[in-house]
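These notes are about the structure you will find just below.
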There are 2 protein chains.
Amino acid sequence: MVTITALDTFDVRFPTSIDHDGSDAMNPDPDYSAAYVVMRTDSPDGLSGYGLVFTIGRGNDVQTAALAALEPRVIGRRVEDIVERLGDFARQLNGDSQLRWLGPEKGVMHMAIGAVINAAWDLAARRAGKPLWRFIADMTPEQIVDQVDFRYLTDALTPHRALEILRAAEPHKKLRIAQLEAEGYPAYTTSPGWLGYTDEKMQRLARQAVDDGFRTIKLKVGLHLEDDIRRCRLARATVGPDIAIAVDANQRWDVGSAIEWLKPLESVGLAWVEEPTSPDDVLGHAAIRRAVAPTPISTGEHGQNRVLFKQLLQAGAVDLIQIDAARVGGVNENLAILLLAAHFGVRVFPHAGGVGLCELVQHLAMADFVAITGKKEDRAIEFVDHLHEHFVDPVRIVKGRYVAPTAPGFSAQMHPASIRDHLYPDGIVWQGVAMAADR
Amino acid sequence: MVTITALDTFDVRFPTSIDHDGSDAMNPDPDYSAAYVVMRTDSPDGLSGYGLVFTIGRGNDVQTAALAALEPRVIGRRVEDIVERLGDFARQLNGDSQLRWLGPEKGVMHMAIGAVINAAWDLAARRAGKPLWRFIADMTPEQIVDQVDFRYLTDALTPHRALEILRAAEPHKKLRIAQLEAEGYPAYTTSPGWLGYTDEKMQRLARQAVDDGFRTIKLKVGLHLEDDIRRCRLARATVGPDIAIAVDANQRWDVGSAIEWLKPLESVGLAWVEEPTSPDDVLGHAAIRRAVAPTPISTGEHGQNRVLFKQLLQAGAVDLIQIDAARVGGVNENLAILLLAAHFGVRVFPHAGGVGLCELVQHLAMADFVAITGKKEDRAIEFVDHLHEHFVDPVRIVKGRYVAPTAPGFSAQMHPASIRDHLYPDGIVWQGVAMAADR
């Protein structure tokens, strides 16, 4: 009998603010960080599960404390009970009434629960010897439905309707797996578009992105309108008419200012406008979308849970959505969101970048292609070429497309040396930052 | 020059689950707790500010860690700078881009920020020698508008419109203060209604509530429909036709099940139905309200921030709202919510109970009466007669009404002995619980 013996947590931070990587209109100086969790077992082969919450620096200690608070719910449990009933495991963690009060189902505690759930999925996929996308794809429609907590969803999506969607995919799975393994999954890149970059750097990286095979790039906007207009036009001139350009305002505007700001940008021909306002504002997104149509509106990387996504879709507030692998309640809640999107016929462009988000979310998009929607060429997973070297099984991008992972698990495992060196505040990298600041 | 010298934090818990006090359909065994914070200064008179986040047990350590994470934003700052520009102080804490990522503006980090902001208001009111309600009431309309972060609100409420509301109240303030001091503010009580109580205990406490002068009582519902019908009818038979009965489902239902459940309860004549479904579900509340009209629908005690309240009001999703003094971003965000409610003409029935929530929220309701709406007899503040003995300036209820506090501050300060004895896990009370469990 194999049991969970430990839930080890690590406050891992990268001093990215020094080079303005990841800077946008709301986040001028992020230090990309991970509250990292390892679910250890007493299996003789060293079987463990890995998960993380992505943060941008301060507060990563609080996020790590939230992971540690879940120890009593996990340690001593039989691995078999967890990996064979991942839906029950997720419901138990989310259903802890005392912890639920701290959200409910949102913020620090919910993200911690999501990371531990993701670590359990990683463990389950490793144990099965499959990459996570394939582990999900090989489930029956009934098994997938069992993963989802339909509480608060049934006015939009019932288990019966979810089964219909999943059963329709069933006969095509084998072919889709072959397609995915042969073709990969489209990526888009945000690498050129950080707000702290000069025009020249942006143009150089945009040209590079096209040369590398990307068909969509994304620019950060929202700080100064004239800069945005100039940068968008420069980007269009650089990449030509056939490359899609999306913009991301990172929640910068009120409803009225979003509408005003987006008018002069209309001529650029935007693929979508991401996070024009508060991620909580369902009615606000709907109002903006109506006012700036046909410019497509999207949100979701900060979407707190399935109830928010349900409403965005019910209200017709978005043309497409982002999902994030490490903000909601783990794989289970993301399956709910993917099924909702499929039901409403809305495309998903997963959010990635940060620390490990590309590694994680690719599995969800690929599982969606095989087991849910059967679509990938009309959508793309975000890609930022950043910090992948710290992962044991980093994403592989070939000609602007994610290559389907083959190693077992959820790809979240970091190299021990990366963890050790970037521990905050005592890792050697942070000692170096402190010394440089003292000079 | 007086400066902030420390932000001391305490994990304080009360073993309330032993007697089922506070039990409801979603929270069967709460241990009422406070992540408690003291903002200390080097003022010779010992001036300090006190704040807290209410939780129901597990995770109170995480909430306490989130308070401690705010130390670097506070320690060493001049008290004068903070108390004279509380709006800027709140915007600075909420605007920390790295911490904001952990919500944004919701969950553990947002509640911690709210408690520290509340501690600063407590400090400011103590320094001014006024109870907080009076400290707010004595501000000019312009000063109150300066407290509010209008970001994400301007499609519903502009600073200009807020000023109109506040200026209309200005000539009546003196009279209202006199009225408040003479009459108090109506209370309603949830003491009879906890789900773990027997019918007999519920009836006895309901009778007692009426004898004590309360005009509204509230019962918990949502676990078993037949129990709810029986309990509501028994309560109606006990209190007679002139006492209002509200029910609280604590987020138990989906949209469809809420509508079905509420039909057999209609004949009881409910004053309102609280939290019928997810607190995040604006569209869901609107759908329930339309379907069960004229039964009034409410929510808000778990409302994460002003953006959610804005939408509830924009969508016509509620007949009334609850506010909570310790869930959103402190006094500043609650002023935003009170102004939104005033603009939309929706009554506020503040949530209380827990640990210190009555003590805190009374000030907000009273400030609303004097400086914003001028209304109190068509609304009421929740009251639960529980744990008040641990506070230095506990609420006073006379004939079913809150007596306006006269001591300076926000009434959140706890007795040092109460903190010491209930520290988790090493306080003497918890040592006793552990010993009893070992027997």
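Here are the numbers for this structure:
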item	result
Qualifying residue in region A:358-367 (condition: surrounded by 24 or more Cβ atoms within 10 Å (Cβ to Cβ), part of a loop (DSSP other than H, G, I, E, B) and more than 14 Å from chain B (Cβ to nearest Cβ))	no
Test: residue in region A:163-185 that is in contact with a Lys or Arg (Cβ under 6 Å, 6 or more places away or on another chain) and of a type in the set (A, V, I, L, M)	no
Single condition B:Asp324 does not satisfy, out of (1) surrounded by 23 or more Cβ atoms within 10 Å (Cβ to Cβ); (2) in contact with a helix residue (DSSP H, G or I) (Cβ under 6 Å, 6 or more places away or on another chain); (3) farther than 16 Å from B:Trp253 by Cβ	(2)
One residue from A:Ala380, A:Ala371, A:Ala404 being aliphatic (A, V, I, L, M) and within 18 Å of A:Val210 (Cα to Cα)	A:Ala380
Which listed residue is farther than 21 Å from A:Thr189 by Cβ, outside any strand (DSSP E or B), away from chain B (no Cβ under 13 Å) and at pLDDT 95 or above, from A:Leu335, A:Leu312	A:Leu335
Residues being more than 14 Å from chain B (Cβ to nearest Cβ) and in contact (Cβ under 8 Å) with a residue 60 or more places away in the chain - total across region A:247-274	2
Residue list for region A:91-109, filter: at the interface with chain B (Cβ under 7 Å from one of its Cβ atoms) and in a helix (DSSP H, G or I)	A:Ser97, A:Gln98, A:Leu99, A:Gly107, A:Val108, A:Met109
Residue that is in contact (Cβ under 8 Å) with a residue 24 or more places away in the chain and more than 24 Å from B:Arg306 (Cα to Cα), where the choices are B:Tyr197, B:Tyr152	B:Tyr197
A:Ala25 more than 11 Å from every other protein chain (Cβ to nearest Cβ) and either within 22 Å of A:Leu364 (Cβ to Cβ) or of a type in the set (A, V, I, L, M, F, W, C) (or both)	no
Residue count, region B:46-90 (criterion: within 14 Å of chain A (Cβ to nearest Cβ) and assigned to a helix (DSSP H, G or I))	13
Answer residue from region B:210-225, given it is modelled with pLDDT of 95 or more and out of contact with any Phe, Trp or Tyr (no Cβ under 9 Å at 6 or more places or on another chain) and is farthest from B:Ile381 (Cα to Cα) among those	B:Asp211
Lone qualifier among B:Trp121, B:Trp101 - being more than 23 Å from the chain's Cα centre (by Cα) and either under 30 Å from A:Gly95 (Cβ atoms) or surrounded by 24 or more Cβ atoms within 10 Å (Cβ to Cβ) (or both)	B:Trp101
Filter result for B:Arg327 (in a loop (DSSP other than H, G, I, E, B), closer than 25 Å to B:Thr55 by Cβ, among the basic types (Lys, Arg) and out of contact with any Pro (no Cβ under 6 Å at 6 or more places or on another chain))	yes
Filter result for B:Arg40 (at the interface with another protein chain (Cβ under 9 Å from one of its Cβ atoms), of a type in the set (D, E, K, R) and either touching a Leu at 6+ places or on another chain (Cβ under 9 Å) or in a strand (DSSP E or B) (or both))	no
Subset of region B:275-288 [more than 7 Å from chain A (Cβ to nearest Cβ) and surrounded by fewer than 24 Cβ atoms within 10 Å (Cβ to Cβ)]	B:Ala286
Search result, residues across region A:152-162 that are touching an Asp or Glu at 6+ places or on another chain (Cβ under 7 Å) and surrounded by fewer than 19 Cβ atoms within 10 Å (Cβ to Cβ)	A:Thr154
Some residue of region B:159-168 being within 14 Å of chain A (Cβ to nearest Cβ), within 20 Å of B:Thr64 (Cβ to Cβ), touching a residue at least 12 places away in the same chain (Cβ under 8 Å) and assigned to a helix (DSSP H, G or I)	no
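The values are calculated or read from the model by the stated rules, or taken from the named source; none is laboratory data. Note that the coordinates shown come from a computational prediction; the quantities given were computed from them, not determined experimentally. Glycine gets a Cβ as well: all are built from the backbone with ideal geometry, and neighbour counts include every protein chain shown.
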